[in-house]
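As structure tokens, the structure follows; a few thoughts come after it.
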Amino acid sequence: MAEREDDLYRTALLYYVQGESMDAIAHQLGVSRSTVSRHIKLARDTGVVRITLTHPRGAHSALEDILQRRFGVNAHVVTMKDAVSDVGRLDRVARVAASVLGEAVQDGTMLGIAWGTTIAAVTAHLQSKPVNGVTLVQLNGAANDRTTGIDYVSNIMSRFAQAYDAESLLFPVPAFFDYAETREALWRERSIARVREMQLQCGLAVFGVGSVAGGLPSHVYSSGYLDDEARAELSRDHVVGDVCTVLLRQDGSWADIALNTRASGPTPLQLRRIPRRLGVVAGVGKARALVAALRAQVMTDLVVDEKTARVALDLSQ
């Protein structure tokens, strides 16, 4: 393995630092061009190479400036052609989000993670980073009456743990409780109270924004977490989406939505206690939910595709 890592390092040094072509590297190292290509990719995937971008002062795009002024959020707007599919849009946004997150994670970081379709996409682009003492905390429950959600969430958490050599703290509760009284009783259990306390001690959080309708289906609304009666209740309460399973209206209000008394995730007020909060959003179907999240002030940082950002800004006027 040491020899292989040395080969990766030598290839990466020649390619990224010395600017040699793949053909020149292949000739110099006595290997094929395809081997050089594989080594370059593996060097990035394993963290031998970590590519970072430093945003020059004043280099924000007009959209990023508007989002900053209107909502006080540090935005990273991902440009792409409008014709890109929802799947492709999510993948490109997830790639940028993984890079932003990798820069934010440092020694001793306690990272709160809200599972979902978007964050699952982010995990595909995480790069290994040599940091120590990182702890991962699951922010919202995942069980429903069909599944415990353990496999789904564990897969997401394990990818983060592998990238940052981190310990994971799971939150073994339903995404939505059947009764508010059950949630209040469980919140008093010491094992659950400990996880909830750790959630609020996080210095960094990452989450997607769920949307009730449109585009790629949000996991909460497509995987049996809400029955027909609950969905009807969402419509009556004018819910457009959620963050960490806490439901939001487009104006950012949430406190008087009845279903939130049964939600497992931290409220916007509780999220705001976390110093840095990265929201990841892709697809115009989530534009209304993004407006709701921005108005609820749950994000300090945002990664979003350009088309969705433009639609969200139009909706927020």
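Place the peptides 269-280, 132-143, 240-251 in order of packing, highest mean first, counting for every residue the other Cβ atoms within 10 Å and averaging per peptide. All intermediate terms of the calculation are to be shown ahead of the outcome.
Numbers: 269-280: 19.1, 132-143: 21.8, 240-251: 25.2.
With the highest mean Cβ count within 10 Å placed first, the list reads 240-251, 132-143, 269-280.
Please list, short to long, the whole-number percent of alpha-carbon pairs of segment 222-278 in consecutive 5 angstrom bins beginning at zero.
Answer for segment 222-278: a P(r) of 4, 18, 30, 24, 14, 7, 3, 0 percent.
Rounded to the nearest 10 degrees, what's the angle between the helix 86-104 long axis and the longest principal axis of the chain, both from Cα atoms, 0 to 90?
The angle comes out near 80 degrees.
How far is helix 2-12 tilted off the main Cα axis of the chain, in degrees rounded to 10, range 0 to 90?
Value to nearest ten degrees: 90.
At what distance in nm do the modelled label points of Q18 and R4 sit from each other, each positioned 7 Å from its Cα along Cα→Cβ?
Roughly 2.4 nm, to one decimal.
Whole Å is fine, so just give me how far the alpha carbon centre of segment 295-317 lies from that of segment 148-192.
28 Å
If you average 1/r across every pair of different Cα atoms in the chain and take the reciprocal, what Kirkwood value do you get, in Å? Walk me through the intermediate numbers first.
On the way: mean 1/r = 0.0483 Å⁻¹.
This gives a value of 20.7 Å.
Taking the Cα atoms only, what angle lies between the long axis of helix 62-71 and the longest principal axis of the chain, rounded to 10 degrees?
The helix 62-71 is inclined about 30 degrees to the chain.
Who wins for biggest fluctuation among S32, S154, S99 in a Gaussian network model of the chain, springs between alpha carbons below 10 Å?
S32
Between Q270 and R33, what is 0.36 nm times their sequence separation minus the Cα-Cα distance? Round to one decimal in nm. Could the numbers behind the result be given before it?
Values: separation 237, 0.36 × 237 = 85.32 nm, distance 5.26 nm.
Between Q270 and R33, full extension yields 80.1 nm more.
Which order do the peptides 7-13, 194-200 come out in when sorted by mean C-beta neighbours inside 10 angstrom, highest first? Walk me through the numbers before you get to the answer.
Working: 7-13: 18.1, 194-200: 15.6.
The peptides rank, most packed first, as 7-13, 194-200.
Mind ranking 118-128, 174-184 by how tightly packed they are, going by the mean number of other C-beta atoms within 10 angstrom, highest first?
118-128, 174-184
Label-point separation (nm) for T46 and N132, each offset 7 Å from Cα along Cα-to-Cβ?
Between T46 and N132, the simple spin-label model gives 2.3 nm.
Can you list the aspartates and glutamates whose alpha carbon is less than 16 Å from that of K286, not counting same-chain residues fewer than 8 positions off?
D82, D86, D91, D242, D251, D305, E306, D314
Every number here is computed from the coordinates shown, using simple stated rules; none is lab data. Computed from a prediction, not measured in an experiment: that's the story for all the values here. Every residue, glycine as well, gets a Cβ built from its backbone with ideal geometry; the counts of neighbours run over all protein chains shown.
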